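Participant: Here it is, the structure in full.
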Amino acid sequence: MSRSAKPTSTDQTVPRILVVGGGYVGLYTALRLRKKLRRHEATVTVVDPRSYMTYQPFLPEASAGSIQPRHSVVPLRQTLTDAEVVTGWVTGVDHANKVATVQPLQGDPYELTYDMLVMAVGAVARTLPIPGLADWASGFKNVEEAIQLRNRVLECLDIAESAKDAEIRERNLTFVFVGGGYAGVEAIAETEDIARYATRYLRNVMADDLRFVLVEASGRILPEVGAEMGEWTVEQLRERGIDIRLETRLESTVEGNVVLSDGTTMLADTVVWTAGVRPNPLLAETDLPLDERGRLICRSDLRVEGLVVGWGAGDCTAVPDLTDPGNYCSPSAQHAVRQAKVLGDNIVAVLRGSEPDDYSHHHNGSVASLGLYKGVAQVYGVKIKGFPAWWLHRMYHLSKMPTTRRKVQVLTDWTIAFLFTRDVTSLSSTHDPFREFSTNAKGETPASRR
């Protein structure tokens with residue numbers, strides 16, 4: 001049974017703007033409101049199960065060790081000092097009564113009333129009912145998964161270095177990535193780069209022993225950079241020894257027995273799923289209008305269709321693309337960040353009795369990292385390859401990283417990585433930190449726990 005409650009707030013006569021989600025749209029909208037709102041004009045409340053925003057374009061570099069993982073996230077409370085930040089899940093929204101149900105990390109759920117609503121819940125991994133996928137694969141959407149992938153890959157090299165069994169070596173030296181979009185291509189490129197570098201410190205594992213496989217159901221990868229640059233990327237990755245399987249699907253991965261639709265089978269203890277996203281299922285627990293794909297239906301001014309004080313932006317929404325009539329804005333960080341700015345301005349305009357503006361943005365282009373000093377980009381129609389594209393990728397995302405502090409920290413990480421050799425330490429034990437103490441307390445030996 002829910003009970004009514006509110007986080008500690010200022011005067012309750014001040015309207016509350018409830019921002020559901022602390023990702024790109026949630027954080028940038030709250031920052032914009034912080035800049036534009038007058039003192040006591042409104043209270044901004046941000047609800048998210050994580051106390052930080054993840055800057056996803058830096059996850060591949062965090063996984064490769066080029067930057068510290070904590071520098072790819074932005075703490076919400078420390079950044080949004082004038083806002084209320086609630087760490088928990090919004091499990092339902094009754095907009096007709098302007099009430100959201102909040103489930104904190106611990107304790108009973110409670111109801112939170114609001115005056116204006118911003119749905120910024122983003123997207124989640126789009127998975128398929130593939131045998132073994134839920135039990136054996138991992139995603140690549142948050143910093144925890146990036147850390148786990150790095151530690152897992154380096155641990156696999158450690159295992160293979162001392163293993164004598166051929167099957168164990170195959171399992172630990174085969175890495176399968178499913179999905180040829182940004183996340184999949186950047187993840188496999190950065191991971192392959194650091195893994196092959198790490199083999200220089202091993203005696204029984206050579207760089208040629210590693211097998212990296214990228215599985216893509218369509219006939220191309222990186223569609224965002226265009227067909228020509230996508231084909232060039234395939235050639236570059238194949239030259240590095242990465243096995244690119246186009247027009248191929250993952251059929252099964254039960255206990256690491258990977259089966260592809262072209263009949264290929266292999267053993268792999270590392271399977272990473274990056275094959276697309278879908279709108280956050282929380283939207284189905286609201287009374288807000290959704291389209292057939294489960295996206296929140298919004299107008300071009302970012303208001304929810306049919307509502308005056310309900311707003312939405314980012315990957316969870318269907319926002320008309322005014323630069324391409326008949327289509328919707330693609331789910332990308334480029335749109336999310338810009339939509340958040342317009343969204344914040346529009347909310348302030350409505351609070352003050354003015355009309356909101358429409359969101360319109362011409363796509364500038366796309367950039368992707370393919371490992372250290374390697375990249376691909378197409379910006380304003382200009383095609384860029386190799387080091388210049390890699391540098392452009394870094395500079396663009398550095399400029400978009402929230403807060404000056406994080407920018408300086410990321411730049412410092414890059415400087416240290418340039419001056420010294422790459423760190424290939426596996427901290428896989430941090431994923432089970434109580435194992436050693438528990439083993440000793442029970443009088444067991446480490447080998448008996450494996």
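Read the figures in this text as sums done on the coordinates, not as results from a lab. Keep in mind it's a predicted model, so treat the numbers as computed, not measured. Note that each Cβ is placed from the backbone with ideal geometry, even for glycine, and that neighbours are counted across all protein chains shown.
Participant: For the chain, what does the helix formula give at 222 nm: sum of -39500 (n - 2.57) over DSSP H segments with n ≥ 4, over the residue count, nearest 500 deg cm²/dmol? Can you show the working numbers first?
Facilitator: Numbers: 12 runs with 142 residues, N = 450.
Computed ellipticity for the chain at 222 nm equals -10000 deg cm²/dmol.
Participant: Here's a follow-up. Would you tally the net charge around residue 123, using a Cβ to Cβ cut-off of less than 13 Å, leaving residue 123 out, and scoring K and R as +1, D and E as -1?
Facilitator: Details: positive: 126, 141, 278, 293, 295; negative: 315.
With Lys, Arg at +1 and Asp, Glu at -1, the neighbours total +4.
Participant: Report, in degrees rounded to the nearest 10, the 0 to 90 angle that the Cα long axis of helix 143-162 makes with the longest principal axis of the chain.
Facilitator: 10 degrees
Participant: For region 343-401, what does the alpha-carbon gyration tensor say about shape, rounded, prolate or oblate, given a ≥ b ≥ c as the root eigenvalues, a/c under 1.5 as rounded, and a/b over b/c as prolate? Provide the component values of the computation, followed by the final result.
Facilitator: Working: a/c = 6.08, a/b = 2.77, b/c = 2.19.
Note, shape of region 343-401 comes out prolate.
Participant: Ordered by residue, what ³J(HN,Hα) values in Hz, to whole numbers, does region 45-51 give under the Karplus form 6.51 cos²θ - 1.76 cosθ + 1.60, where θ = phi - 60° and Gly and Pro are x?
Facilitator: With coefficients 6.51, -1.76 and 1.60, one gets 10, 10, 10, 7, x, 10, 8 Hz.
Participant: Using the alpha-carbon atoms, what tilt in degrees (0 to 90, nearest 10) does helix 404-419 show relative to the longest principal axis of the chain?
Facilitator: 10 degrees
Participant: Cα gyration tensor of the chain, axes a ≥ b ≥ c as square roots of the eigenvalues: rounded (a/c below 1.5), prolate (a/b > b/c) or oblate? Before the final figure, lay out the partial values.
Facilitator: Details: a/c = 1.87, a/b = 1.51, b/c = 1.23.
In terms of gyration-tensor shape, prolate.
Participant: Over region 1-142, what relative contact order in percent results from Cα pairs under 8 Å that are six or more residues apart?
Facilitator: 31 percent
Participant: Whose amide H sits under 5 Å from the amide H of residue 67, counting only residues 5 or more places off or on another chain, with H placed in the peptide plane?
Facilitator: Distant-sequence amide H within range of residue 67: 62.
Participant: Grab the Cα-Cα distance for residue 287 and residue 168, subtract it from 0.36 nm times how many residues apart they are, and report the gain in nm with one decimal.
Facilitator: Details: separation 119, 0.36 × 119 = 42.84 nm, distance 5.11 nm.
Gain on extension, residue 287 to residue 168, equals 37.7 nm.
Participant: Related question: Arranged from highest to lowest average of other beta-carbon atoms within 10 Å per residue, in what order do the peptides 310-318, 204-212, 362-370 appear? All intermediate terms of the calculation are to be shown ahead of the outcome.
Facilitator: Values: 310-318: 27.9, 204-212: 16.6, 362-370: 20.1.
Ranked from most to least packed, the peptides come out as 310-318, 362-370, 204-212.
Participant: Order by neighbour count: 147, 168, 416, 17, fewest other Cβ atoms within 10 Å first, most last.
Facilitator: Working: 147 20, 168 16, 416 13, 17 27.
Sorted ascending by nearby Cβ count, the order is 416, 168, 147, 17.
Participant: In addition: How large is ³J(HN,Hα) for each residue in region 204-214, as worked out from phi by the Karplus curve 6.51 cos²θ - 1.76 cosθ + 1.60 (θ = phi - 60°), to whole Hz, x for Gly and Pro?
Facilitator: 9, 10, 9, 4, 6, 6, 6, 10, 10, 10, 10
Participant: What angle do you read, to the nearest 10 degrees and between 0 and 90, between the alpha-carbon axis of helix 333-351 and the longest principal axis of the chain?
Facilitator: Helix 333-351 sits roughly 10 degrees off the main axis of the chain.
Participant: Let's test the formula: R0 of 25 Å, r as the Cβ-Cβ distance of residue 158 and residue 373. What FRET efficiency results, to the nearest 0.05? It would help to have the intermediate numbers written out before the result.
Facilitator: Working: r = 26 Å, r/R0 = 1.05.
Efficiency, rounded to the nearest 0.05: 0.40.
Participant: Now for a different question. Given the peptides 380-388, 340-348, 100-108, 436-444, arrange them by the average over their residues of other C-beta atoms within 10 Å, most packed first. Walk me through the numbers before you get to the answer.
Facilitator: Working: 380-388: 12.6, 340-348: 23.3, 100-108: 14.2, 436-444: 10.6.
Ranking the peptides 380-388, 340-348, 100-108, 436-444 by packing returns 340-348, 100-108, 380-388, 436-444.
Participant: Moving on to the next point. Which of rounded, prolate, oblate describes region 183-273, given a ≥ b ≥ c as roots of the alpha-carbon gyration tensor eigenvalues and a/c under 1.5 marking rounded, otherwise prolate only if a/b is larger than b/c? Walk me through the numbers on the way to the answer.
Facilitator: Numbers: a/c = 2.19, a/b = 1.16, b/c = 1.88.
In terms of gyration-tensor shape, oblate.
Participant: Relative contact order for the chain using alpha-carbon pairs under 8 Å, separation at least 6, rounded to a whole percent?
Facilitator: Numbers: 894 pairs, mean separation 77.6, N = 450.
In percent, rounded to a whole number, it is 17.
Participant: Sum up the charges of everything whose Cβ sits under 13 Å from the Cβ of residue 296, counting Lys and Arg as +1 and Asp and Glu as -1, but leave residue 296 out. Intermediate values should be presented prior to the final figure.
Facilitator: Details: positive: 278, 293, 295, 299, 303; negative: 285, 287, 291, 292, 305, 315.
Surrounding charge for residue 296 is -1.
Participant: According to a simple spin-label model (label point 7 Å from Cα along Cα-to-Cβ), what is the distance in nm between residue 438 and residue 278?
Facilitator: 3.2 nm
Participant: Compute the FRET efficiency between residue 206 and residue 91 as 1/(1 + (r/R0)^6), taking r as their Cβ-Cβ distance and R0 = 45 Å, and round to the nearest 0.05.
Facilitator: Values: r = 51 Å, r/R0 = 1.13.
Here the calculated transfer efficiency is 0.30.
Participant: Pulled fully out, how much extra length does the chain show between residue 70 and residue 341, if you take 0.36 nm times their separation in residues and subtract their Cα-Cα distance? Please list the in-between numbers first.
Facilitator: Details: separation 271, 0.36 × 271 = 97.56 nm, distance 2.50 nm.
Extra length from residue 70 to residue 341 when fully extended: 95.1 nm.
Participant: Cα centroids of region 235-260 and region 347-416: how far apart, whole angstrom?
Facilitator: Result: 30 Å between the Cα centres.
Participant: Quick check: Cα centre of region 284-317 to Cα centre of region 54-93, how many Å?
Facilitator: What the calculation gives is 24 Å, centre to centre.
Participant: Oh, and also: How would you rank 179-186, 389-396, highest first, on the average number of other Cβ atoms within 10 Å across their residues? Don't jump to the answer; show the numbers that get you there.
Facilitator: Details: 179-186: 24.6, 389-396: 18.6.
By packing density, highest mean first, the sequence is 179-186, 389-396.
Participant: Assuming 0.36 nm per residue, please report the length gained on full extension of the stretch residue 418 to residue 240 beyond their Cα-Cα distance.
Facilitator: Working: separation 178, 0.36 × 178 = 64.08 nm, distance 2.18 nm.
Full extension of this stretch gives 61.9 nm more.
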